[in-house]
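The values are calculated or read from the model by the stated rules, or taken from the named source; none is laboratory data. These figures come from a predicted structure and were not determined experimentally. Positions of Cβ are backbone-derived with ideal geometry, glycine not excepted, and every protein chain shown enters the neighbour counts.
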Amino acid sequence: MLKNAFLYDGTTVTDLDPDAGNTLGYDINNAGEVVGVADDRAVLYADGGLFDLNTLIDPEADLLLKSADDSNNQGQILAHRCDRSGVFCYGSVLLNRVPVVAEPSAAMLLLAGLALMAGRRCRIARQAIYDIAARRAA
């Protein structure tokens, strides 16, 4: 029997991942982010998508996050951890979100580059004028 986690906002029911075999939601925070399990892997439902929390850890580590059991409004997630085989489970791990640093857009980088090129061109032209004036004075 398949189980599907869903989110209900009072008017609409949203299936968290219709493509996953079995999904269970264990906790939800004030931002509407749901943590749980999908096919024996810890997941986070946020921004309209389901994310496997195992993609956030080193793939070489002998660690598998089997389920995400709890979350809070600071973005921390408590996940159940096992060895890579998933057989030996030994407690929990606290996942902390890293703040996203906004990167400059391509347009801003282009404008900055154009401004630098224009400044350099003006400096070269000004130097040429000074050189011509110095030659005439000599």
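Whether a residue is surrounded by 12 or more Cβ atoms within 10 Å (Cβ to Cβ), of a type in the set (D, E, K, R) and out of contact with any Lys or Arg (no Cβ under 7 Å at 6 or more places or on another chain) was assessed, and Asp15 passes this test. Screening region 1-12 for residues that are surrounded by 11 or more Cβ atoms within 10 Å (Cβ to Cβ) and either β-branched (Val, Ile, Thr) or in contact (Cβ under 8 Å) with a residue 24 or more places away in the chain (or both) and picking the one that is nearest to Ala68 (Cα to Cα) gives Ala5. Among the residues of region 91-109, is there at least one that is part of a helix (DSSP H, G or I), at pLDDT below 80 and surrounded by 10 or more Cβ atoms within 10 Å (Cβ to Cβ)? So far as region 91-109 goes, yes, one or more of its residues are part of a helix (DSSP H, G or I), at pLDDT below 80 and surrounded by 10 or more Cβ atoms within 10 Å (Cβ to Cβ). Out of Asp58, Asp52, one residue alone is within 18 Å of the chain's Cα centre (by Cα), of a type in the set (D, E, K, R) and over 28 Å from Thr14 (Cβ atoms). It is Asp58.
Would you confirm, using the coordinates I've provided, whether Cys122 is loosely packed, with under 15 Cβ neighbours inside 10 Å and either at pLDDT 85 or above or outside the structural domain of Ala31 (by TED's automatic domain parsing) (or both)? For Cys122, the condition - loosely packed, with under 15 Cβ neighbours inside 10 Å and either at pLDDT 85 or above or outside the structural domain of Ala31 (by TED's automatic domain parsing) (or both) - is met. Summed over region 42-67, the residues that are in a helix (DSSP H, G or I) and either more than 22 Å from Gly21 (Cβ to Cβ) or polar (S, T, N, Q) (or both) give a count of 2. On the basis of being surrounded by 15 or more Cβ atoms within 10 Å (Cβ to Cβ), assigned by TED's automatic domain parsing to the domain that holds Gly25 and either part of a loop (DSSP other than H, G, I, E, B) or among the acidic types (Asp, Glu) (or both), does Gly86 make the cut? Against the criterion (surrounded by 15 or more Cβ atoms within 10 Å (Cβ to Cβ), assigned by TED's automatic domain parsing to the domain that holds Gly25 and either part of a loop (DSSP other than H, G, I, E, B) or among the acidic types (Asp, Glu) (or both)), Gly86 does not qualify.
Tallying residues that are closer than 11 Å to Ser67 by Cα and either surrounded by fewer than 12 Cβ atoms within 10 Å (Cβ to Cβ) or among the hydroxyl-bearing types (Ser, Thr, Tyr) (or both) within region 18-52 yields 3. Applying the condition of being outside any loop (DSSP other than H, G, I, E, B) and at pLDDT below 90 to region 9-27 and asking which residue is farthest from the chain's Cα centre (by Cα) yields Val13.
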